[in-house]
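Trainee: I'd like to ask you about the structure that follows.
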Amino acid sequence: MKSSTADFYDRVYNVVAEIPYGKVTSYGAIAGYLGVKSGARMVGYALNNYQTEELGFEIPAHRVLNRLGQLTGRAYFEGDSMRERLTQEGVTFSEEYTVDMEKHFWDPSILDN
DNA sequence: GCCTTGACGTTAG
DNA sequence: ACTAACGCCAAGG
């Protein structure tokens, strides 16, 4: 099978779409799950590309944070919609723009189980 | 076709 | 413990 970049993006969207309500994960976790350990930046790039392309179904990109739980992509959302959505889902913040991922972290690996 | 930038992560100082 | 730099891969200029 041929591994193209579009494939990688598609898998990113698929994984992100599986993130449960009130849970969050990191770019690195997704990249690692997809087998591209050093592709954390590509995950974020994929999400950015998704917003512009818009494939037809929405994905909870606001539940994807960096490994520190910081909402690094909040600038790409309207105002504080990212933080507001997470708060609305019951996600707690250790700081204004830092999620307490110790309690809400979701590991993509559970998809294999 | 080369150089810069970027929703990250790890290692070195 | 904190800050700086490098590595990673893809896209745009």
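The values are calculated or read from the model by the stated rules, or taken from the named source; none is laboratory data. Because the structure is predicted, anything quoted here is derived from the model rather than measured. All Cβ positions, glycine included, derive from the backbone under ideal geometry; neighbour counts span all protein chains shown.
Trainee: Enumerate the pairs (first residue in the range A:45-69 and farther than 20 Å from A:E84 by Cβ; second residue anywhere and near DNA strand B (Cβ under 8 Å from one of its atoms) and modelled with pLDDT of 90 or more) with beta-carbon separation below 6 Å, excluding pairs fewer than 6 apart on the same chain, so at least 6 apart or on different chains.
Mentor: Every condition considered, the pairs that remain are A:R67/A:S26; A:R67/A:G28.
Trainee: Still on this structure: Could you tell me which of the residues A:G56, A:G32 is away from DNA strand B (no atom under 13 Å from the Cβ) and closer than 24 Å to A:A6 by Cα? Please lay out each step first, then the result.
Mentor: Values: A:G32 fails: away from DNA strand B (no atom under 13 Å from the Cβ).
Answer to the check: A:G56.
Trainee: Applying the selection to the range A:1-33, what residues are within 13 Å of the chain's Cα centre (by Cα), over 14 Å from A:N66 (Cα atoms) and part of a loop (DSSP other than H, G, I, E, B)?
Mentor: Result: A:E18, A:I19, A:P20, A:Y21, A:G22.
Trainee: Condition (residue is more than 16 Å from DNA strand C (Cβ to nearest atom) and either charged (D, E, K, R) or surrounded by fewer than 13 Cβ atoms within 10 Å (Cβ to Cβ) (or both)) applied to the range A:62-72: is it met by at least one residue?
Mentor: yes
Trainee: Would you confirm, using the coordinates I've provided, whether A:Q51 is of a type outside the set (V, I, T) and more than 15 Å from A:V16 (Cβ to Cβ)?
Mentor: Working: of a type outside the set (V, I, T): yes; more than 15 Å from A:V16 (Cβ to Cβ): no.
Judged against the criteria, A:Q51 is not a match.
Trainee: Do we find a residue being at pLDDT 90 or above, acidic (D, E) and either part of a loop (DSSP other than H, G, I, E, B) or more than 7 Å from DNA strand B (Cβ to nearest atom) (or both) anywhere in the range A:79-86?
Mentor: Checked the range A:79-86: at least one residue is at pLDDT 90 or above, acidic (D, E) and either part of a loop (DSSP other than H, G, I, E, B) or more than 7 Å from DNA strand B (Cβ to nearest atom) (or both).
Trainee: I've got another one for you. Residue by residue through the range A:82-113, note down the ones that are within 24 Å of A:Q51 (Cα to Cα), more than 15 Å from the chain's Cα centre (by Cα) and among the polar types (S, T, N, Q).
Mentor: The answer is A:T87, A:Q88.
Trainee: Then there is this: Considering A:G39, A:G28, which residue is touching a Lys or Arg at 6+ places or on another chain (Cβ under 7 Å), within 13 Å of DNA strand C (Cβ to nearest atom) and touching a residue at least 24 places away in the same chain (Cβ under 8 Å)? Steps first, please.
Mentor: Values: A:G39 fails: touching a Lys or Arg at 6+ places or on another chain (Cβ under 7 Å).
Going through A:G39, A:G28 in turn, just one is touching a Lys or Arg at 6+ places or on another chain (Cβ under 7 Å), within 13 Å of DNA strand C (Cβ to nearest atom) and touching a residue at least 24 places away in the same chain (Cβ under 8 Å): A:G28.
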